[in-house]
Amino acid sequence: MGTPKGKPEMFTGIEDSDSLIHYTSAAGLAGILRSQTLWASHYAYLNDQQEIHTAREVMVEVFAKSLHSLFAKIKVDGTVDGILVDISPSTDLRQLATKAAEKYISVIHTVMLKYLDPYILSFYLCSPDNNSSEYRNGSLRHWTSYGKSGGFAIEFGAKSIANACEQESNKFNHSGFHLIPVEYDLDLQKAERTPQVKEINECLRHISKSQILESQPDEEVVRSSLLPYSMIASGIKNRHFQDEREARIVVYRPSSSDTYPSDSKVHPVHFRDTGGLHTPYIELFKQEEPKLPVTRVLVGPHPENELRVKSLELMLAELGREEISIEVSNIPYIDR
C-alpha cells in the first residue's frame with residue numbers, strides 16, 4: 001500500500017513569535033553547530049513508554065460519541081448514505097458505538113504503525129519574554145537531567161523552524177511532516193484537533209454497516225484517515241509529562257521501500273548508542289546553506305561557566321556564527 005505525501009502543518013498553539021528551545025549536552029551542542037543538523041529519534045526510543053499509543057484511548061471516546069449520533073439517526077431513518085440497515089430497537093447504541101470505535105481505531109492505529117515510522121524532534125515551547133525568568137534562565141527540570149556535565153539550550157524562532165520544515169518536506173518523501181505543540185489535557189486534545197476529527201469522521205460515515213459492525217474495516221478504507229490520525233497520535237502525551245511543555249517536529253517516514261516510489265528520496269536512518277541501545281534517528285536540515293536558524297545559546301548551570309562561555313565564543317567565531325547570542329542561566333543549581 002502506498003502512502004500519501006503530507007505537507008508540513010502547524011496546529012494552533014504555536015505562534016510565529018514563539019521560541020523553540022532544544023536542550024542538549026556539550027557534545028550535542030558542538031555536533032549541532034558543526035553539522036548544521038538536528039536529529040529526530042524513532043518514537044519507540046523516547047522517554048514515554050506510551051508515546052503515540054496514548055491517542056488510542058482518547059480517540060475511541062471521541063469517535064464513539066460521533067458514532068452514537070450516527071447510529072441514532074440510522075435507527076430512525078433505516079438507512080445510512082443510501083444503504084439499508086437494520087438496528088434493533090433494543091440495541092444499546094452507546095455500547096454499539098464504543099465497540100465500533102474500538103474496532104476502527106485499532107485498525108487505523110495498526111495500519112499507521114505498519115506503514116509509517118514516526119521520528120520525533122523535541123523542543124521546549126515558550127514566549128521570548130525577557131521579563132520571564134523561564135525564558136532568561138531556562139527550565140530547571142531540563143537542566144537537572146544533564147547532571148554534573150551541565151547542559152545547553154539552543155533557541156530557534158518558531159517561524160524560522162516552520163520555514164525550514166517546509167523546505168525539508170519538499171526535499172524528501174514522507175507521509176507527514178508536522179510542527180505541533182503537545183497536548184496533555186484530554187479536553188484540549190479533543191477540542192483542538194477538530195479539523196482532523198472531522199476528516200476522520202467523514203471516513204467513518206463512508207464505511208458500510210458490515211465493515212463497521214460485523215468485520216474489521218479494510219485497510220484501504222482507513223488509508224484516507226492515516227494523515228489526520230497521525231497528527232492526533234503524535235500530538236498527545238500522558239499528562240504526567242506536562243512539565244516538559246513540549247513542541248515537536250514529527251516526521252512520518254515510510255517504513256519500507258515498498259511504500260514509496262523507488263526513485264524517491266527518503267531520510268536515511270542512522271543509529272547512536274544510548275545506554276546500550278542502538279537508537280534509530282534521522283538527520284533534519286542537513287545542508288550548508290541556509291544555516292540552522294539559531295538565535296541564542298543559553299548556558300546552563302555549571303561551576304565552570306566562564307570557561308564554557310569562552311569555549312562557545314571561540315566555537316561560534318570559528319564557524320562564522322558570531323550573530324548567535326550567548327547568555328548564562330542564573331539558576332543556582334549544582335548537581336551533587
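Only the coordinates and a few stated rules stand behind these numbers; no lab work does. Bear in mind that the values here come from a model prediction, so they are computed numbers and not experimental data. Cβ sites come from the backbone with ideal geometry, for glycine too, and all protein chains shown count toward neighbours.
Evaluate the range 50-68: report whether one residue or more is more than 28 Å from the chain's Cα centre (by Cα), of a type outside the set (S, T, Y) and farther than 22 Å from K237 by Cβ. Give the steps one after another, and end with the answer.
Taking the range 50-68 and keeping what is more than 28 Å from the chain's Cα centre (by Cα), we get 68.
In the following step, the residues that additionally are of a type outside the set (S, T, Y) were identified as 68.
Next, from what is left, pick out any that are farther than 22 Å from K237 by Cβ: 68.
Yes, the range 50-68 contains a residue that is more than 28 Å from the chain's Cα centre (by Cα), of a type outside the set (S, T, Y) and farther than 22 Å from K237 by Cβ.
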Those residues of the range 100-132 that are hydroxyl-bearing (S, T, Y), more than 20 Å from the chain's Cα centre (by Cα) and within 30 Å of S329 (Cα to Cα) come to a total of 1
Return only the number of the condition from (1) within 25 Å of V111 (Cβ to Cβ); (2) loosely packed, with under 12 Cβ neighbours inside 10 Å; (3) not acidic (D, E) that T274 does not satisfy. (1)
Is it the case, given these coordinates, that G151 is more than 25 Å from E323 (Cβ to Cβ), crowded, with 21+ Cβ neighbours inside 10 Å and in contact (Cβ under 8 Å) with a residue 60 or more places away in the chain? no
Give me the strands (runs of 3 or more DSSP E) completely within the range 258-336, filtered to those with at least 3 residues that are in contact (Cβ under 8 Å) with a residue 40 or more places away in the chain and in contact with an Asp or Glu (Cβ under 9 Å, 6 or more places away or on another chain), ordered by residue number. 277-284, 294-299
Taking the condition of being closer than 20 Å to G138 by Cβ, in contact with a helix residue (DSSP H, G or I) (Cβ under 9 Å, 6 or more places away or on another chain) and surrounded by fewer than 18 Cβ atoms within 10 Å (Cβ to Cβ), how many residues in the range 224-256 meet it? 1
Among the residues of the range 116-135, which ones are closer than 27 Å to I282 by Cβ and touching a Phe, Trp or Tyr at 6+ places or on another chain (Cβ under 9 Å)? L116, D117, P118, Y119, I120, L121, S122, F123, Y124, C126
